[in-house]
Amino acid sequence: MFGTNALSDVNTDADGNLTQGFIQAVRDLNVTDLRFPGGTIEGANDILAETVGNRLSPQATNFLNWVRGENANGLDLTVTLAIPSKRPITYDEVYNFARIVARDYPDLVKAVEIGNEYSIGETTINEKIYGQRANIAARALADGFAAQGLIGEAQPDIVLQMAEIFGHGSSFSGTGDHLSANQELIAQLSTPAIKAIDGVVNHYYYIEEHQFDENFADPNNQGEINRETRFLFKKLEAFEDAWSDVAGSKQLDFYMTEWNVNRLNYDQHGLKAASALLQQFSYMVEMGVETAHIWPIQRCGLDHSDRQCRIRREIGL
């Protein structure tokens, strides 16, 4: 539960070398798992595309070698890698990626997450396309791991996104129909892919503004809970219903690979963020989250080049 995101171009340079501030934060905060390279996997930091021939992406290699060095000095870190889904992917490239990861870093890589927020952002895909690409990725990951002798529980977890209808790219945007969205996504998965998948993922950013009322939701008021959790309990229930229709009793681990107070929810920043984060954590425990990565422990690079970082610096946040 005490993981964080290691963000390319923010916590690392272009070669995957970590900044000193991030390194110290990882050591001081007893972080357990690092998600790399963050959401930019869908664009500038595509470690799948950078993996060529018999060599893993240079930035992923440098990052994983740093993790191995930290563990040799007393830490006990694992890594969750992310691969893209918003661009077309092939079985062969994912297979090769998985084979190299299993060959070189079987002791470090805990999970591989398929895609990032498929229906959200400037570039989006819908449930059907995401499901088709996840089907390719899940089969190729499992086969690539197996080619290096990693079978069953010895393999890194293969983690699927649940349907996200709040993104404008979703075919079910504006419908409130989480169940049909998950059914559409899962219908694209073959039997080998369903067998290969170990976990399901979503993200959780706290957007509720309290307007000077510092009380959290009444435990008996589901409407208030839905607002504070962005309907995550309903999303998870819908996914589990759709999943059980095709996978039977097979249970998946629940990952929350990004969570924090939303960066624009200024009402809940500063000292207030401590209580909001505790409330989020409590909800995640109740949901049964197995692995969580706060986003992030260092938000802004040294040059503050990100627009939101510049704004925060200018107003003193």
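The values are calculated or read from the model by the stated rules, or taken from the named source; none is laboratory data. Here the structure is a predicted model, which is why all the values come from computation and not from measurement. Ideal geometry is used to build each Cβ from the backbone, glycine not excepted, and the neighbour counts take in all protein chains shown.
Could you please let me know if THR61 is touching a Lys or Arg at 6+ places or on another chain (Cβ under 7 Å), β-branched (Val, Ile, Thr) and under 26 Å from VAL26 (Cβ atoms)? It is false that THR61 is touching a Lys or Arg at 6+ places or on another chain (Cβ under 7 Å), β-branched (Val, Ile, Thr) and under 26 Å from VAL26 (Cβ atoms). For the stretch 94-112, taking the residues that are within 18 Å of the chain's Cα centre (by Cα) and over 20 Å from VAL52 (Cα atoms), the one that is surrounded by the most Cβ atoms within 10 Å (Cβ to Cβ) is identified as ALA111.
Taking the condition within 18 Å of GLY176 (Cα to Cα) and crowded, with 21+ Cβ neighbours inside 10 Å, does ALA276 pass? Outline the logic, then answer.
Numbers: within 18 Å of GLY176 (Cα to Cα): no; crowded, with 21+ Cβ neighbours inside 10 Å: yes.
Against the criterion (within 18 Å of GLY176 (Cα to Cα) and crowded, with 21+ Cβ neighbours inside 10 Å), ALA276 does not qualify.
Would you point out the residue of the stretch 215-247, among those that are in a helix (DSSP H, G or I) and among the small types (Gly, Ala, Ser), that is modelled with the lowest pLDDT? Restricting to residues being in a helix (DSSP H, G or I) and among the small types (Gly, Ala, Ser), the top hit is GLY223. Pairing residues of the stretch 107-134 that are on the phi > 0 side of the Ramachandran plot with residues that are surrounded by 24 or more Cβ atoms within 10 Å (Cβ to Cβ) and among the aromatic types (Phe, Trp, Tyr), at Cβ distances under 9 Å and at least 6 apart in sequence or on separate chains, gives GLY115/TYR130. Scanning the stretch 188-228 for residues that are closer than 30 Å to GLY270 by Cα, hydrophobic (A, V, I, L, M, F, W, C) and within 20 Å of the chain's Cα centre (by Cα) gives VAL201, ILE207. On inspection, ASN226 passes the criterion of being more than 14 Å from HIS203 (Cα to Cα), of a type in the set (S, T, N, Q) and out of contact with any Gly (no Cβ under 6 Å at 6 or more places or on another chain). So which residues in the stretch 257-287 are in contact with a His (Cβ under 7 Å, 6 or more places away or on another chain) and free of Cβ contacts under 8 Å to residues at least 60 places away in the same chain, if there are any at all? Passing the criteria: TRP259, VAL261, ASP267.
Is it the case that some residue within the stretch 198-208 is out of contact with any Ser or Thr (no Cβ under 8 Å at 6 or more places or on another chain), exposed (fewer than 15 other Cβ atoms within 10 Å of the Cβ) and without any contact (Cβ under 8 Å) to a residue 40 or more places away in the chain? No, the stretch 198-208 contains no residue that is out of contact with any Ser or Thr (no Cβ under 8 Å at 6 or more places or on another chain), exposed (fewer than 15 other Cβ atoms within 10 Å of the Cβ) and without any contact (Cβ under 8 Å) to a residue 40 or more places away in the chain.
Does the stretch 177-187 include one or more residues that are within 23 Å of GLN155 (Cα to Cα), buried (at least 20 other Cβ atoms within 10 Å of the Cβ) and modelled with pLDDT of 95 or more? Looking for residues that are within 23 Å of GLN155 (Cα to Cα), buried (at least 20 other Cβ atoms within 10 Å of the Cβ) and modelled with pLDDT of 95 or more, one finds at least one in the stretch 177-187, hence yes. The residue that is nearest to THR78 (Cα to Cα), among those in the stretch 9-58 that are among the charged types (D, E, K, R) and free of Cβ contacts under 8 Å to residues at least 60 places away in the same chain, is ARG27. Scanning the stretch 2-56 for residues that are among the aliphatic types (A, V, I, L, M), farther than 19 Å from MET256 by Cβ and in a loop (DSSP other than H, G, I, E, B) turns up VAL10, ALA14, ALA44, ILE47, LEU48, ALA49, LEU56.
The set of residues from the stretch 57-90 being among the basic types (Lys, Arg), part of a helix (DSSP H, G or I) and in contact with a helix residue (DSSP H, G or I) (Cβ under 9 Å, 6 or more places away or on another chain) is empty.
Report yes if GLU184 is charged (D, E, K, R), within 30 Å of GLY270 (Cβ to Cβ) and more than 18 Å from the chain's Cα centre (by Cα), otherwise no. No: the conditions fail for GLU184.
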